[in-house]
Amino acid sequence: MRLIAIVIAAMVVAPAMAQTSGKAEIFSSQAIRTQLAGLAEKAKQSGSSGSTLGDYTSHALKLSSRTASGGAEVHAHFDDVIVVTEGSATLITGGTVVAPQTGADGETKGTSIQNGSSQKISVGDIIHIPAGTPHQMLINSGVLFSAFVVKVKEP
């Protein structure tokens with residue numbers, strides 16, 4: 001848990017130090033736990049829930065909870081940095097998105113991924129998914145998966 005706190009602090013502080021102006025923000029561990037608990041309750045009803053801690057010029061800080069698998073997606077303009085805070089999932093990356101539909105924002109969504117690579121991820125793991133990389137999270141029945149996510153805008 002201490003490693004997660006250090007990584008989260010580094011991801012929050014490093015981009016903030018690169019900015020020339022602005023105000024530092026602190027998201028306390030208690031506030032994060034409270035938000036994740038609320039998101040978990042919503043996820044039990046709908047399969048997934050999320051919130052944005054902060055949205056900045058170069059990145060956004062988010063929380064996510066899931067009790068159901070998500071569809072395949074490809075972010076055209078954002079890298080994802082994910083720190084798993086609870087549960088486990090199977091992450092599929094690469095391959096081809098099945099039944100792709102691209103929205104006006106350039107984001108592509110589909111039903112699944114064909115010929116991707118599967119890896120088990122769990123608490124404490126840190127994942128980097130570059131923009132343009134197909135990915136999908138598969139959640140086993142009865143599992144609550146939660147994560148801290150940094151969405152980094154590509155230049």
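Readers should treat all values here as calculations from the given coordinates under stated rules, not as data from a laboratory. Please read these numbers as outputs of a predicted model, since none were measured by experiment. Positions of Cβ are backbone-derived with ideal geometry, glycine not excepted, and every protein chain shown enters the neighbour counts.
List of remarks:
- Between Ser122 and Ser46, full extension at 0.36 nm per residue minus the direct alpha carbon distance yields a gain of 25.2 nm.
- Of the peptides 78-85, 103-110, the order by per-residue mean of other Cβ atoms within 10 Å, starting with the highest, comes out as 78-85, 103-110.
- In this structure, the pairs whose alpha-carbon distance is over 24 Å, taken from Lys109/Lys151; Lys62/Lys120; Lys62/Lys153; Lys44/Lys153; Lys120/Lys153, are Lys44/Lys153; Lys120/Lys153.
- Global form of the range 20-74, assessed from the alpha-carbon gyration tensor, a/c cut-off 1.5: oblate
- Highest average packing first - 40-51, 125-136, 25-36, Cβ atoms within 10 Å: 125-136, 40-51, 25-36
- On the beta carbon distance between Thr93 and Ala31, with R0 = 30 Å, the FRET formula returns roughly 0.45.
- Approximate spin-label separation Asn115-Lys23, in nm, with each point projected 7 Å along Cα-to-Cβ: 5.2
- Within the chain, helix-based [θ] at 222 nm, where runs of 4 or more DSSP H residues each add -39,500 (n - 2.57), nearest 500: -7500 deg cm²/dmol
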